[in-house]
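Engineer: Here's a structure for you.
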Amino acid sequence: MTHREDFLLKAYELGIIKFGRFTLKSGIESPFYVDLRSLASSPQLLKTLANNLLELVDDREFDLICGVPYAALPMATAMSLTSNIPLIIKRKENKGYGTKRMVEGVYQDGQTCLLVEDVITSGKSLLETIDQVEREGLVVHDLVVVLDREQGGIEKLKERGFHIKTLFTINEVIDILHKFHRLTDEKVKEIKEFLNNPPEVIEEKRLPLEEKKVQHPIGKKLVELALKKQSNLIASADLITADEVLRFANEVSDHIVALKLHSDIIQDFSEDLIIKLKALAKEKEFLLFEDRKFGDIGNTQELQFKRSIYKISDWADLVTVHPIGGADSLKVFENTGVVTIVEMSSKGALTDDYYFSKAVNVSENEPNVLGCVAQRKVGNQLLLFTPGVNVSALGDSKGQQYNTPEIVFNNYHTDFMIVGRGLYKAPDFKTAAKEYQTLGWIAYLQSLNN
Ligand code: S5P
């Protein structure tokens with residue numbers, strides 16, 4: 001018996017793989033179920049496993065080892081103890097409260113990190129994990145995984161340029177258990193059939209704009225404009241004089257579906273500016289979007305919306321609102337379309353998974369909310385707006401984090417991208433707007449086929 005076989009049989013005794021009928025997270029029925037958490041119950045096996053995993057990457061260099069809870073956490077800890085490479089911990093999703101960071105421990109921007117995972121299936125969740133770890137400023141090149149369920153995950157990660165090693169494939173596990181009479185011929189046949197023709201996971205597909213379930217008239221209008229102008233670009237005119245805002249609006253007007261303002265940063269804001277913007281918006285067909293980010297009780301928000309010197313209710317087609325005040329606080333915006341901020345783009349934002357899921361829920365149930373601002377998928381009931389888009393920068397010194405149009409449309413299934421400095425810091429507003437329009441629309445069309 002080889003060392004590998006010996007290890008696997010002992011792990012099998014601990015219950016890492018069970019046979020029967022199991023419904024997986026994806027809804028698929030599987031004839032086996034893998035759960036490597038029990039490996040931690042045998043310190044000897046865990047040590048052997050840690051050594052085996054380290055051997056897979058002994059030609060590689062990295063500053064940190066990152067364990068992904070729960071199963072890989074003791075493994076990564078054991079690897080860290082053996083190798084003296086410091087450990088960091090990736091938080092589990094849906095955790096919610098308390099910390100601002102997705103990765104816990106001591107680390108610095110730019111450090112390289114080996115990611116340890118228990119099982120890889122399609123690779124999708126591993127890619128999401130990598131994305132979250134990299135958002136904390138870490139660099140991932142290397143991954144080790146204990147078990148490959150052989151459903152395309154390895155290929156997907158290799159294609160993206162990752163150096164990924166696995167200890168066992170599921171076929172190998174089945175073969176070893178068969179060889180040592182832990183599985184009958186019949187059971188092996190059934191499992192192999194399942195492995196050779198894995199049932200397809202039906203994911204909620206990204207719907208094209210025209211099929212989104214938008215009821216709000218302003219939402220419908222926005223979709224209509226997007227299709228007509230072939231643009232999903234919202235320009236953020238974060239400029240501080242009325243002249244600059246007007247010049248910018250004029251130049252980008254052919255290429256956008258909405259112009260987003262922060263009225264309170266315009267030093268000489270006046271009714272005259274609004275009259276001119278409204279006329280331009282009508283002529284060039286775009287909406288006016290006030291990024292006020294209301295965040296108070298309903299009564300105060302109503303006063304801010306209707307009675308402030310900006311008279312937002314008189315002209316804004318859309319406004320942003322933090323749903324932090326609860327569902328009723330969102331009811332005061334009358335016919336203006338509400339876009340809730342359910343997640344922010346800046347580093348360390350407090351809009352964690354717990355907040356996000358509650359905020360989406362409130363948004364979905366409020367008829368005057370037509371969409372939300374976030375950096376991830378929200379489903380087909382809401383229009384998704386994603387800021388933090390820039391093709392020539394990764395972020396700024398004040399916490400902003402940027403993605404490319406490809407990422408936001410393909411990975412987050414966003415419907416509209418919001419671009420500020422990518423446009424108004426460009427030497428030529430019109431050319432930049434045209435470029436972003438093209439990039440955004442191509443990325444959107446591509447995302448429909450993915
Ligand atoms: O999470 C958010 C939400 C918003 S609305 N992150 C953001 O950056 N925004 C806004 O989008 C922000 O207030 C700014 O007006 C714009 C992004 O500007 P940029 O210059 O970083 O592209």
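The values are calculated or read from the model by the stated rules, or taken from the named source; none is laboratory data. Bear in mind the structure is a predicted one, so any value in this text is a computation, not a measurement. Every residue, glycine among them, receives a Cβ derived from its backbone with ideal geometry; neighbour counts consider all protein chains shown.
Engineer: Give, as residue ranges, the helices (runs of 4 or more DSSP H) completely inside region 1-97 that count at least 2 residues that are among the acidic types (Asp, Glu) and at pLDDT 95 or above.
Structural biologist: The helices (runs of 4 or more DSSP H) meeting that bar are 3-14.
Engineer: Name the residue, out of Val408, Val378, that is closer than 12 Å to Ser345 by Cα, in contact with a helix residue (DSSP H, G or I) (Cβ under 8 Å, 6 or more places away or on another chain) and buried (at least 21 other Cβ atoms within 10 Å of the Cβ).
Structural biologist: Val408
Engineer: Which of the residues that make up region 243-268 are within 16 Å of the ligand (Cβ to nearest atom) and within 16 Å of Trp315 (Cβ to Cβ)?
Structural biologist: If the condition is that a residue be within 16 Å of the ligand (Cβ to nearest atom) and within 16 Å of Trp315 (Cβ to Cβ), then Val245, Ala249, Ala258, Leu259, Lys260, Leu261, His262, Ser263, Asp264, Ile266 are the ones that fit.
Engineer: Another question, then. With the structure loaded, tell me whether Leu394 is within 12 Å of the ligand (Cβ to nearest atom), at pLDDT below 95 and of a type in the set (A, V, I, L, M) or whether it fails that test.
Structural biologist: It is true that Leu394 is within 12 Å of the ligand (Cβ to nearest atom), at pLDDT below 95 and of a type in the set (A, V, I, L, M).
Engineer: Residues in region 381-400: is at least one free of Cβ contacts under 8 Å to residues at least 24 places away in the same chain, surrounded by 20 or more Cβ atoms within 10 Å (Cβ to Cβ) and among the β-branched types (Val, Ile, Thr)?
Structural biologist: No, that holds for no residue.
Engineer: Do you know which residues across region 401-425 are away from the ligand (no atom under 11 Å from the Cβ) and in a loop (DSSP other than H, G, I, E, B)?
Structural biologist: Thr404, Asn411, Tyr412, His413, Thr414, Asp415
Engineer: Still on this structure, please answer the following. Regarding Tyr436, is this residue closer than 21 Å to His255 by Cα, crowded, with 18+ Cβ neighbours inside 10 Å and either hydroxyl-bearing (Ser, Thr, Tyr) or in contact with a strand residue (DSSP E or B) (Cβ under 8 Å, 6 or more places away or on another chain) (or both)?
Structural biologist: Yes: the conditions hold for Tyr436.
Engineer: Sticking with this one: Assess whether Glu366 counts as being surrounded by fewer than 24 Cβ atoms within 10 Å (Cβ to Cβ) and touching a Lys or Arg at 6+ places or on another chain (Cβ under 8 Å).
Structural biologist: Yes, satisfied.
Engineer: How many residues, within region 322-335, are free of Cβ contacts under 8 Å to residues at least 40 places away in the same chain and surrounded by 22 or more Cβ atoms within 10 Å (Cβ to Cβ)?
Structural biologist: Counting residues in region 322-335 that are free of Cβ contacts under 8 Å to residues at least 40 places away in the same chain and surrounded by 22 or more Cβ atoms within 10 Å (Cβ to Cβ) gives 4.
Engineer: Another question, then. Conditions first: (1) surrounded by 14 or more Cβ atoms within 10 Å (Cβ to Cβ); (2) more than 16 Å from the ligand (Cβ to nearest atom); (3) of a type in the set (Asp, Glu). Asp238 passes all but one, so which condition is the exception?
Structural biologist: Answer for Asp238: the failing condition is (2).
Engineer: Can you tell me how many residues in region 322-369 are within 14 Å of the ligand (Cβ to nearest atom), in contact with a Ser or Thr (Cβ under 7 Å, 6 or more places away or on another chain) and assigned to a helix (DSSP H, G or I)?
Structural biologist: So the answer is 2.
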